[in-house]
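Worksheet: one structure, shown below.
The values are calculated or read from the model by the stated rules, or taken from the named source; none is laboratory data. This structure is a prediction, so every number in the text was calculated from the model and none was measured. Using ideal geometry, Cβ is built from the backbone for each residue, glycine included, and neighbour counts are taken over all protein chains shown. Note: areas computed on protein heavy atoms with side chains; ligands, DNA, RNA excluded. Shrake-Rupley method; radii C 1.70, N 1.55, O 1.52, S 1.80 Å.
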Amino acid sequence: MNKDIIFLSPVCTHNIWGGTRLNREFGYPIEGDDIGECWGISAHPNGDGTVASGAYKGMKLSELWEKHPELFGNTGMDRFPLLIKIIDAKDDLSIQVHPDDDYAMRVEGEPGKTEMWYIMDAAPGAALYYGLNRAVSKEEFAKRIQEQTLTEILNRVEVKPGELYFIPSGTLHAIGAGILLAEIQQNSNTTYRVYDYGRRGADGKLRPLHIEKALDVTNLS
């Protein structure tokens, strides 16, 4: 078995809330002032990393996982289990929630998403939303989404570099402006957007929300 360290060429993404740090400070070869994510280790169909050098140069990580399971310990799992990113939030991300595995596999055909954030850097006063500050009924949750008062029942947490946050599936959350973090998550790209500050995409239309699915999966206790 080849025991060389495997380096991947990452996949970077343009996002409405993204900035310039991933290019400017990390040197990732993507231009623009809206670069939000670097999928550094990913075998997801929406961003499949490519082996950069060595015996497996040019292979996608998903292909390497399938053809050389011995490199990963012959786990028997049907897909690479993790997706590891760096996220640069120049602006606030939407308030969102992720489903658990059972719901996501049934509805979306891929695993759910539980994730962890490591705060790499944060501007003074930068904060994230993390879970509810009290239990609410499904009816109140739906009403607050409609009335755009959802942030009133969320925990707002100021962050500092070096902190860790664990976000189980079903937890409402949002990364705030001025935060640079590393995210370790399940290999999934399923996100249900609940509130987006009325922002419009490149086509001039409001970005879609996923209210009904969010109502299904959010932990309201």
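A few points about this structure:
- Separation in nanometres of the label points that stand 7 Å from Cα toward Cβ, at residue 9 and residue 79: 2.4 nm
- Length released on extending from residue 164 to residue 147, taking residue separation times 0.36 nm less the Cα-Cα span: 2.9 nm
- Working note: Karplus 6.51/-1.76/1.60 with θ = phi - 60° gives the range 106-114 the couplings 6, 9, 10, x, 8, x, x, 9, 10 Hz, where Gly and Pro are set to x.
- Counting only alpha carbon atoms, the long axis of helix 138-147 and the longest principal axis of the chain meet at about 90°.
- Ordering 73, 53, 173 by the projection of their Cα atoms onto the charge dipole of the chain, which places +1 on the Cβ of Lys and Arg and -1 on the Cβ of Asp and Glu, puts 173 at the extreme positive end.
- For the pair the range 134-177 / the range 111-128, the C-alpha centres are spaced 13 Å from each other.
- Debye intensity ratio in log₁₀ form over the Cα atoms of the range 85-221, taken at each q of 0.21 Å⁻¹: -1.40
- Note on the chain: with a GNM built from Cα contacts shorter than 10 Å, the maximum mean-square fluctuation among 67, 138, 113 falls on 67.
- Per-residue Karplus couplings for the range 63-68, computed as 6.51 cos²θ - 1.76 cosθ + 1.60 with θ equal to phi - 60°, are listed in order as 5, 4, 4, 6, 8, 10 Hz, Gly and Pro entered as x.
- Carbon and sulfur %, accessible surface of the range 55-112 computed with the full protein complex present, 1.4 Å: 49 percent
- Result for the chain in a Gaussian network model with C-alpha springs under 10 Å: among 122, 202, 182, the largest mean-square fluctuation is at 202.
- The simple Förster model, with R0 at 22 Å and r as the Cβ-Cβ distance, assigns residue 134 and residue 156 a FRET efficiency of 0.95.
- Amide H contacts of residue 44 (H built 1.01 Å from N, under 5 Å, at least 5 apart or other chain): 49
- Amide H to amide H, with H built 1.01 Å from N, residue 82 comes under 5 Å of 187, counting only residues 5 or more places away or on other chains.
- Over the chain: helical MRE at 222 nm, DSSP H runs n ≥ 4 each giving -39500 (n - 2.57), nearest 500: -4000 deg cm²/dmol
- Proximal lysines relative to residue 213, as straight alpha-carbon distance under 23 Å, when same-chain residues fewer than 8 apart are discounted: 113, 138, 143, 205
- Computed with a 1.4 Å probe over protein heavy atoms only, the accessible surface of the range 33-165 comes to 50 Å² per residue.
- Stretch gain in nm, segment residue 25-residue 221, where the contour uses 0.36 nm per residue and the Cα spacing is subtracted: 66.5 nm
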